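The values are calculated or read from the model by the stated rules, or taken from the named source; none is laboratory data. All of these numbers come straight from a predicted model, not from anything done at the bench. Cβ: placed from backbone, ideal geometry, glycine included. Neighbour counts: every protein chain shown.
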Amino acid sequence: MPKLIYVYEDVNFDGSKHELVNCHYFGGDYAGTEGTKELWQEVFDFITENYDEEVLEKIYINGDGADWIRTGAGMHAKARFVLDRFHMHKYIISATSHLKDSAQDARSEIYRAINGKRKWAAEEAFDKILHVTESETKAKAVESAKNYILGNWAGIMESVRAKDKSLQCSAEGHVSHIYSDRMSSRPLGWSRTGADKMARLRIYRQNKRDILELVRYQKKELPLAAGAEEVIYSATQMLAAERRNKNRLGKLADMPVYSIPYPQIKKIAALEKKIIYGDCKKNAYIAKKKSDIVPKTVIKSVKTGHRCSLSNRKY
């Protein structure tokens, strides 16, 4: 899946609906380390062009802790990585869900350690859970959650210190709406080039850019592929081409050509098969009743459906 970054200034809270203020999107394939740096550079160039960096205090980079996300935090002096709360809660729930009646107490202990900025207390809480976990599968889940929370401790503390309600991450919803809705909600196959181009087109539209203007620009600026150049023929050349075609094809040149979509062909074939099969069964039953009139060889032919068709019912 292509990468996605969005920049926003604040969050408007309107009841249950949250709206990002002045949201702008960036995205595409951007493969490898160099591609990741190129993407982040585009983001920081946008910030430089649209905001006064002397007034700008911090740039919070909110995400799940993936390496390519952390790369951005190291490319700007004012950038700070923040672990999004969705993934933090997800791992804590995963580590405590098997404790049944004690699950809420275990979660509260972990959250107290986080809000109290006590990393050692959080580690002790996970160790207690591991001590009472008998299932090997659940023990692996607890160990994974422990490593995730402690490994992203600095990003969690950044969120705790900020105490900013607008410091939230809705990346999962944006990825679903912008990318998945078109590219993966139904089984589809994409080449890397095709996925990158579609992702950039979806980003272009999401930023409320004019698609028609983009088409006009491409038609004006981009050269045609070799062999696809526009050629204008005169009436004499067109008539000569038609005569050559008629001499080559003869009577077939005037024959109308029709095409039927493949799904319609499948429906027609299924319908014909059903009618033919039903017709043959009916005639086979009649033939059995009149075995003294119809020869046995014909009955066999009818039962197996040989030479049975809609247009000719002679057996």
Item checked: Candidates Ile61, Ile47, filtered to the one that is part of a helix (DSSP H, G or I), at pLDDT 90 or above and surrounded by 12 or more Cβ atoms within 10 Å (Cβ to Cβ) -> Ile47
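Please find, within the stretch 166-205, the residue that is modelled with the lowest pLDDT out of those that are in contact with a strand residue (DSSP E or B) (Cβ under 7 Å, 6 or more places away or on another chain) and not in a helix (DSSP H, G or I).
Per the stated criteria, the residue is Ser166.
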Next item on the list: State whether one or more residues within the stretch 181-192 are under 12 Å from Leu4 (Cβ atoms) and surrounded by 11 or more Cβ atoms within 10 Å (Cβ to Cβ).
Entry: yes
Note to self: Give me the residue from the stretch 47-69 that is aromatic (Phe, Trp, Tyr) and over 21 Å from Lys197 (Cα atoms) and, out of that set, nearest to the chain's Cα centre (by Cα).
What the structure shows: Tyr60
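Which of the following residues is at pLDDT 85 or above, on the phi < 0 side of the Ramachandran plot, in a helix (DSSP H, G or I) and among the polar types (S, T, N, Q): Thr137, Thr133?
Thr137
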Check: Residues in the stretch 113-122: is at least one under 19 Å from Lys138 (Cα atoms) and of a type outside the set (A, V, I, L, M)?
Finding: no
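Condition check ((1) within 30 Å of Ser185 (Cβ to Cβ); (2) buried (at least 17 other Cβ atoms within 10 Å of the Cβ); (3) in contact with a helix residue (DSSP H, G or I) (Cβ under 9 Å, 6 or more places away or on another chain)) across all residues:
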| position | (1), (2), (3) |
| --- | --- |
| Met1 | yes, no, yes |
| Tyr8 | yes, no, no |
| Ala31 | yes, no, yes |
| Ala66 | yes, no, no |
| Gly72 | yes, yes, yes |
| Arg80 | no, yes, yes |
Margin query: Quick check on the stretch 128-158: of everything there that is of a type in the set (Ser, Thr, Tyr) and touching a helix residue (DSSP H, G or I) at 6+ places or on another chain (Cβ under 8 Å), which residue is surrounded by the fewest Cβ atoms within 10 Å (Cβ to Cβ)?
Written below: Ser135
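Taking the stretch 24-54 only, how many residues are of a type in the set (Asp, Glu) and closer than 16 Å to Ala171 by Cα? Give the derivation first.
Of the stretch 24-54, the ones of a type in the set (Asp, Glu) are 29, 34, 38, 42, 45, 49, 52-54.
Keeping just the survivors that are closer than 16 Å to Ala171 by Cα gives none.
Looking only at that region, the number is 0.
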Next item on the list: Could you tell me whether Ala125 is surrounded by 15 or more Cβ atoms within 10 Å (Cβ to Cβ) and assigned to a helix (DSSP H, G or I)?
Entry: yes
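Given the structure, is Tyr91 assigned to a strand (DSSP E or B) and of a type in the set (Phe, Trp, Tyr)? Spell out how you get there, then give the answer.
On the way: assigned to a strand (DSSP E or B): no; of a type in the set (Phe, Trp, Tyr): yes.
No.
Among the residues of the stretch 206-217 satisfying the criterion of being outside any loop (DSSP other than H, G, I, E, B) and under 23 Å from Met183 (Cα atoms), which is modelled with the highest pLDDT?
That would be Gln206.
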Next item on the list: Name, by its number, the condition in (1) over 26 Å from the mean Cα position of the chain (by Cα); (2) part of a loop (DSSP other than H, G, I, E, B) that does not hold for Tyr30.
Entry: (1)
